[in-house]
1. Given a cut-off of 23 Å, what percent of all Cα-Cα pairs of the chain lie beyond it?
2. How much net charge surrounds Ser156 when only other residues with a Cβ under 15 Å from its Cβ are counted (Lys, Arg +1; Asp, Glu -1)?
3. Determine the per residue accessible area of the chain with all protein chains present and a 1.4 angstrom probe, expressed in square angstrom.
4. What are the radius of gyration and Dmax of region 8-71, computed over its Cα atoms and given in Å?
5. So what is the calculated 222 nm ellipticity per residue for the chain, using -39500 (n - 2.57) for each DSSP H run with n of 4 or more, over all residues, to the nearest 500 deg cm²/dmol?
6. Would you tally the net charge around Ser44, using a Cβ to Cβ cut-off of less than 12 Å, leaving Ser44 out, and scoring K and R as +1, D and E as -1?
7. From the phi of every residue in region 53-60, what ³J(HN,Hα) in whole Hz does the Karplus formula 6.51 cos²θ - 1.76 cosθ + 1.60 yield, where θ is phi - 60° and glycine or proline is x?
8. HN-Hα J couplings of region 151-157 from phi, Karplus 6.51/-1.76/1.60, θ = phi - 60°, integer Hz, Gly and Pro as x?
Amino acid sequence: MTFGEQPAYLRVAGDLRRKIVDGSLPPHARLPSQARIREEYGVSDTVALEARKVLMAEGLVEGRSGSGTYVRAQPVPRRVARTGYRSGGASTPFRQEQAESGVHGTWESSSEQAAAPADIAKRLGIEPGDRVMRTRYVFRDAGEAMMLSTSWEPLSVTGRTPVMLPEEGPLGGSGVVDRMAAIDVVVDNVVEEVGARPGLAEENMTLGGVPGHVVLVVTRTYYASGRAVETADVVVPADRYRLSYHLPVR
């Protein structure tokens, strides 16, 4: 193999990928068998098998027990709006953003006290094992799970206050900014970092993904005078959604 030349299995996978993208192999069509790939491209069984594995790992094809491998129908990505952190509203940024997009989003949540794991403690500027309120969310669009979120708030800030439980009490369901303002904590900065990784098994089970599917992970932290008062991980399926940021010019 000369310098810069792709391995044979990647060249075969690339040609099959092109056929899937341009519609020569439409959704639900059966992928050529391993023997057919071997004959058509003049490669070994090993190369044919590895090419099929590449397409499966990319989520372009799926195996059906006893039937073969078929082209997956690719979803048209929908937009998840990120429009800033406004106060004064009676709902969370998620509900505001979905309403502006004409989507009727719903969610389920559960909160419980927990010991802060080391990575979360570092983000919140507290000690590992310090008590936090952990809240898990499943956000839905027309009933379909579209986004997961887990948030952590230090009980040294919210403990024994009316806003200790994010989804209960007089400000239940309101955003972090308004809830913190109710206990005289003024949020003045929000940091978001966006990354990607393969979805965890439990995430894929909830979001309807398959092993190997990539998820976008938004790590978000709210600050008040330099002190972190809430941090969260937001998980979105990368093949079905795009994060759309609308940032004001100042």
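The values are calculated or read from the model by the stated rules, or taken from the named source; none is laboratory data. Since the structure is predicted, the reported quantities are computational estimates derived from the model, not experimental observations. Ideal geometry is used to build each Cβ from the backbone, glycine not excepted, and the neighbour counts take in all protein chains shown. Accessible surface areas use protein heavy atoms only, side chains included; no ligands, DNA or RNA. Shrake-Rupley method; radii C 1.70, N 1.55, O 1.52, S 1.80 Å.
1. Working: 18538 of 31125 pairs.
Of all Cα-Cα distances in the chain, 60 percent exceed 23 Å.
2. Local net charge: 0.
3. Numbers: 13520 Å² over 250 residues.
Roughly 54 Å² per residue, with all protein chains present.
4. 10.6, 27
5. Values: 8 runs with 68 residues, N = 250.
Only helices count here, giving -7500 deg cm²/dmol.
6. Working: positive: Arg38; negative: Glu39, Asp45, Glu50.
Spelling it out: positives minus negatives among the neighbours equals -2.
7. 5, 4, 5, 5, 5, 7, x, 7
8. Along region 151-157, the couplings run 10, 10, 10, x, 5, 5, 9 Hz.
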